[in-house]
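Each value in this text was obtained by applying a stated rule to the coordinates, not by laboratory testing. Just so you know, these numbers come straight off a predicted model, no measurement behind them. Cβ atoms come from the backbone with ideal geometry, glycine included; neighbour counts cover every protein chain shown.
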Amino acid sequence: MRSRMRTAIRKVIDAAAAGKKEDARANYKAAVPLIDTLVNKKIIHRNQADRHKSRLAARVKSLG
């Protein structure tokens, strides 16, 4: 599960770095439920999940 989360985060970062706004947005929407699932299963802490989501949202938002 943790590996799936890291892959989802990496997809958002890579799409944002390439300037692909729609891909980044779609990958972000797919990553958020994965991250929340890990919190519910107590694999990662809630604050860590919030930090990941916040940073990813900032990257997506910076694309315009």
Folded to 0 to 90 degrees: helix 21-40 orientation relative to the chain principal axis, Cα:
10 degrees
Helix 46-62 sits off the longest principal axis of the Cα atoms of the chain, rounded to the nearest 10 on a 0 to 90 degree scale, by 10 degrees
Of the labelled options (i) 3.6; (ii) 5.5; (iii) 5.2, which one gives mean projected area of the Cα convex hull in nm² as computed for this structure?
(i)
Give, rounded to the nearest 20 debye, the magnitude of the charge dipole that the chain has about its Cα centre when Lys and Arg contribute +1 at Cβ and Asp and Glu contribute -1 at Cβ.
160 debye
Can you compute the helix-only [θ] at 222 nm over the chain? Use -39500 (n - 2.57) per DSSP H run of at least 4 residues, normalise by all residues, nearest 500 deg cm²/dmol.
-28000 deg cm²/dmol
